[in-house]
Amino acid sequence: MTSQASSTSTDEHPMMGPGRGRLEGKVAVITGANSGIGRAAARLFAREGAKIVCVDMADVVAPRIDALIRSEGGEAVFFQADVTSSESCQGMVALALERFGGLDILLNNAGKTARGRVDVLSEEDWKGLLDVNLTSVFLGSKAVLPHMMAQGKGSIINTASTYGILATNDNAAYCSSKAGVILLTRSMAIDYGPMGIRVNCVCPGVTATPLLLGNIARRGVPIEEIAKKNRCLQRAAMPEEIAYGMLFLASDEASFVTGHALALDGGQTIQA
């Protein structure tokens, strides 16, 4: 899982400079926060002034993301949870309200992969992947929406994928789940926009997360080979590059942006 996997991000990435306070005074819940894109986003949001509830199934990465954020002068708490559980999603919202007194941003980032065509995928793999990649977005949003509706504002950001826009081989469940995230995002944007709640998603291309690097290492495929299929920038993204797109959508700079699927893909989706 992007999220619920144990491995570190590039914690000393040069993009992670001093923040400008773009999220000052805001509270964010981020799922899949201890690894990969979620880890980079949690750290960046904290540097920009947000107080963070870091949600993940795994807490084995050292330093754990909440400790890393606090070591950099930010405010964060860790909530170990399975985001496919309604009770867990209610719990992460309750913790944000109890500890930090509010909730302005939800980043539904938890995810996993399960490669395979329809004829070889097991029902268990299909259901398990959709639960983590799509149902968790529904459950997380369902838990946070009553609070956002009551306050008349909020920003929900969902992690989709370029493979929710473009299909690829041997990835039936993943492509289906991420396409579902995009359409759920748009449906929610229509339903909750009149209530002051913005709902957007990001569609990362090939990104050098611990999850991806582990998966391709097991397949014996160099990341450079995958990245060069993108004929534009011809490289993989770093998690921090995706996090900056998430920051824009979370911030007031995106106050007129909703229902948008932001491709952060180095040009992948413009290619024939």
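The values are calculated or read from the model by the stated rules, or taken from the named source; none is laboratory data. Just so it is clear, the model here is predicted, and its values are computed rather than measured. Cβ placement follows ideal geometry from the backbone for every residue including glycine, while neighbour counts extend to all protein chains displayed.
For the reader, a short list of remarks on this structure follows.
- Residue among Leu249, Leu264 that alone is under 23 Å from Arg186 (Cα atoms), at pLDDT 95 or above and in contact with a His (Cβ under 8 Å, 6 or more places away or on another chain): Leu249
- Selection within region 145-177 - under 24 Å from Phe45 (Cα atoms), surrounded by fewer than 24 Cβ atoms within 10 Å (Cβ to Cβ) and within 16 Å of the chain's Cα centre (by Cα): Thr162
- Of the residues making up region 183-208, those that are in contact (Cβ under 8 Å) with a residue 12 or more places away in the chain, surrounded by fewer than 19 Cβ atoms within 10 Å (Cβ to Cβ) and either of a type in the set (Lys, Arg) or part of a helix (DSSP H, G or I) (or both) are Arg186, Ile190, Gly193, Met195.
- Of the residues making up region 209-230, just one is touching a residue at least 60 places away in the same chain (Cβ under 8 Å) and assigned to a loop (DSSP other than H, G, I, E, B), namely Thr209.
- Among the candidates Ala236, Ala217, residue that is over 20 Å from Ser136 (Cα atoms), over 15 Å from the mean Cα position of the chain (by Cα), crowded, with 18+ Cβ neighbours inside 10 Å and modelled with pLDDT under 95: Ala236
- Test: Ile242 is at pLDDT below 95 and not acidic (Asp, Glu): no
- Residue within region 126-145 that is among the acidic types (Asp, Glu) and either closer than 30 Å to Gln271 by Cα or modelled with pLDDT under 95 (or both) present: no
- Evaluating Arg115 against the criteria (1) modelled with pLDDT under 95; (2) within 15 Å of the chain's Cα centre (by Cα) leaves one unmet condition, (2).
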